[in-house]
Structure formats: structure tokens, C-alpha cells
Amino acid sequence: MRETELPEFPFIAADGSSDTARVARLRDEQPISRVLLSGEPVWLVTRYAEVNAVLVDTRFSLARAADPDVPKIGTFELPPGLILTADPPEHTRLRRLVAKVFTVRRIEQLRPRVQEVTDRLLDELAGMTPPVDLIEHFTAALPIEIICEMLGVPGADRPSFQDWAERILTVSGLPVEEVRGGWAELSGYIAELVDEKRRSPTDDLLSLLIAARDEGDRLSEEELVLFGLALLNAGHETTKNQLANSVAVLLTELPDQWRKLVEHPEVVGPVVDELLRHVALPAYEVTLPRVATAAVELGGVTIAEGDTVLISLSSANRDAAAFDSPDEFDPARVPNRHLAFGNGVHRCLGAQLAKIELETGLGELTRRFPRLRLADTELHWKTGGFIRALHELRVEW
């Protein structure tokens, strides 16, 4: 097929959402295929084995994908120097600075605080007159409060983050200048917060990073600001939507699983893992583009040096070669090797924190509101964003 005849990606269904059926067909028929991204030919990888291979192979560079000549997913792009787009050894140096804060043992110590915040938010919810937007009052409020406490962000400033997050995670619908303006405003806010904490340090993650910058000279000032920015965004936007989307799927598609969770709260851990596999978070199937820094043989195909590669974690998580009956929801899968948190050196730094928030949030929601139901018969999904998100999730009980 000539390049001009390649299909344009993302694949969009008639309702403006991702055409997941088309991606699934490619996984079965042509798991490493050529598509056009912003008019340029790129590789789309959809099968578990090859997706995982790309994740763990450092020859697929996230840093190179930030180059201006590399095709982007609409207006979505991350600024260079961010830990999310850094390659080793820079990524290794950056990650090591916060790795001790994000160990399983240290994050487990946050579980009581997550429980406290959850209890308070659900107490407030119980006092409201339904219908109530669960996203505004719970699924967004929980993770943003926890990550802001970890970073030392003042509570009064938290409402501003929603607007910034909406803009910087846009794929279509906003001019690129407005998207970049969101990054600039958020970066400016973090820079001001760094100045304040430098004058009056406290016991939080941002102060720890400032010390690494000022005492050990292990961070540049720009890296320090970008670090705070990355942790703030990654620490709330993904969990907020994963929790909301999971509740929506349980109430609409899997009501029997909701009832089982009400009756057997002890299984919330495996249920959350299966929800992470089953409920796709990327709005258009793929994560950040990568660029091959050498020729790589992948699933019988040669990826040339300089080629751009897109990988679909959500497609990989539905691969029948990796999961029995992949379209069925089965919390009893053992082991459940889903790729929702990625793999390799870029595996999500906050995976354990996200799981604690999801387990606590979902577990307490089913315990406190066993008869929770949707107030609207139809869910309204946002279009044009990098993350699959609902406009609202109005519930009654």
C-alpha cells in the first residue's frame, strides 16, 4: 500500500469516540501495521507481546518523540525534559531522586490517610441531595487532595488545576497555542511554588526535590519545575478518570460485579486490577509516541531507525494470546499481567498509590452506597482529550 493510501490515525467512530473495533481487527490481522499520524507514516503496535517488547526496549525513545519533526497526536505534546519523556541515563537520574518516596513500603504508609480523605468525602456526599456528580465530589477530589499533600500544594490552589489539565491533555478542539499556554501557566505556578518553598521548606516531596537541586545540584531549575508539574498531573488526572470510568462500567455493564463487591469487599484488590485491564483509559487507544534509535526486529517486521511507533496498551490488554476470554470481566485472573501501568523503566511511578486510591475509593463507595445507581440513562463522554473522560457522573442512592 502506498503511503498516501494508509489509514489516518486516530481511528474515529461515528460518535467521535475511538473506533476500538477497528483497532481490535488490526490486533488479530496485522498487529504491527502502518498508519498515518498527522499526515506522516508511523507504526501502530496492538498485540500484547510486541507492545510489551516496545515498553521494555530502551531503543524506543520517548525523548526523541519530542523533536519538532516527529508527528504528534493532534495538539497533545509533552515539553522536553519531563521525566515522562526522558530516556536513560537522564531518566534514571531523575527517577532515582524520588524512587525512595514511591517505594511500596512508603506508599503503603499513606493508606490510612487515603482512608481518612475517602471517609470525609463520602460523609459529605451522604449529606447531599441526589443526584450528585460523583466526579466533582469524589473521584476528582480524592486523588488531587492526596498528591497535593504529598507535593505541598496549598489547598486553595487546587481548583485551578482542573482548567490546566483540561487544556494540556487536549488532542483536538483547542488551538495549539492555547494548549501550550496551559503548560506555561502551570509551569509558572510550580515555579512560584518552588520559590515559596525555597524560602520556607516543609516536609513534602517538592521541598525534597528543591534540596536535591540546591544542595546536591542533581537537578537543573527547569528540571525541578518540570518534575513538580509531572507529578502533579500524573498524580490526579489518571486516577480521577480511572475511578470514575470504573464506577460507570460497573453500574452499567457489570451490575453483578457491583453486587459481588458489595457482598464481598475483601476482593476489591483483584477487582481493581481487572478494571485496570478491562477499562481503557487512553481516549484514542495509544500512549505517547516513541522513536526507534536503531533498527529493531519486532514481530517479524523491521522498524527502521528514526521510525515513529505508537503502542496500544488497551488493545494489548484485550489480546487473547495473553488473556483467556479477554473481553470477559474476570477478577479471578491469576496472574493478571495487564499493562495499564506500562512496563520497563517507564512503568508508572505512582502505580502503587493509584491502586491504593482505587481500592479504597471503590471499596468504601460500595460499602457506604450499596444501592448507588446512575441518575442518567446515558453517559456523555468528552471528545478531543488524550484521556477517556466523562463530562459528569450523576448518581443517586
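Miscellaneous remarks
- Candidates Thr118, Thr75, Thr252, ranked by Gaussian network fluctuation over the chain, Cα under 10 Å, top entry: Thr252
- Extending 7 Å from the Cα toward the beta-carbon at both Ala294 and Glu166 defines two label points whose distance is 4.6 nm.
- Each residue, Lys260 and Glu116, gets one label point 7 Å from its Cα in the Cβ direction; the gap between the two is 3.5 nm.
- Here's the picture: charge each Lys and Arg Cβ at +1 and each Asp and Glu Cβ at -1 in region 3-396, and of Ala332, Cys348, His380 the one pushed furthest to the positive end of that dipole is Ala332.
- Other residues within the sphere of radius under 14 Å centred on the Cβ of Glu177, judged by their own Cβ, net out at -1 (K and R +1, D and E -1).
- Cβ-to-Cβ counts within 10 Å put Ile107, Ile12 in ascending order as Ile12, Ile107, the fewest first.
- Per-residue Cβ neighbour rank within 10 angstrom, fewest leading, Thr170, Thr129: Thr129, Thr170
- Order of Glu215, Glu77 - criterion: other Cβ atoms within 10 Å of each residue's Cβ, fewest first: Glu215, Glu77
- For the residue pairs Lys240/Lys260; Lys260/Lys355; Lys197/Lys382, the alpha carbons lie more than 31 Å apart in Lys197/Lys382.
- Dipole axis of the chain (+1 Lys, Arg; -1 Asp, Glu on Cβ), positive-most option in Gln30, Tyr48, Ser18: Tyr48
- Around the amide H of Asp19, modelled in the peptide plane, lie the amide H atoms of Phe11, Ile12, Ala13, all under 5 Å away and 5 or more residues distant in sequence or on another chain.
- Ellipticity estimate at 222 nm from DSSP helix runs (n ≥ 4, -39,500 (n - 2.57)) divided over the chain, nearest 500: -14000 deg cm²/dmol
- The Cα atoms of the chain define a convex hull whose projected area, averaged across directions, is 19.4 nm².
Computed from the coordinates by the stated procedures, all read-outs in this text should not be read as laboratory data. Computed from a prediction, not measured in an experiment: that's the story for all the values here. For neighbour counting, all protein chains shown are included, and Cβ atoms are generated from backbone atoms with ideal geometry for every residue, glycine included.
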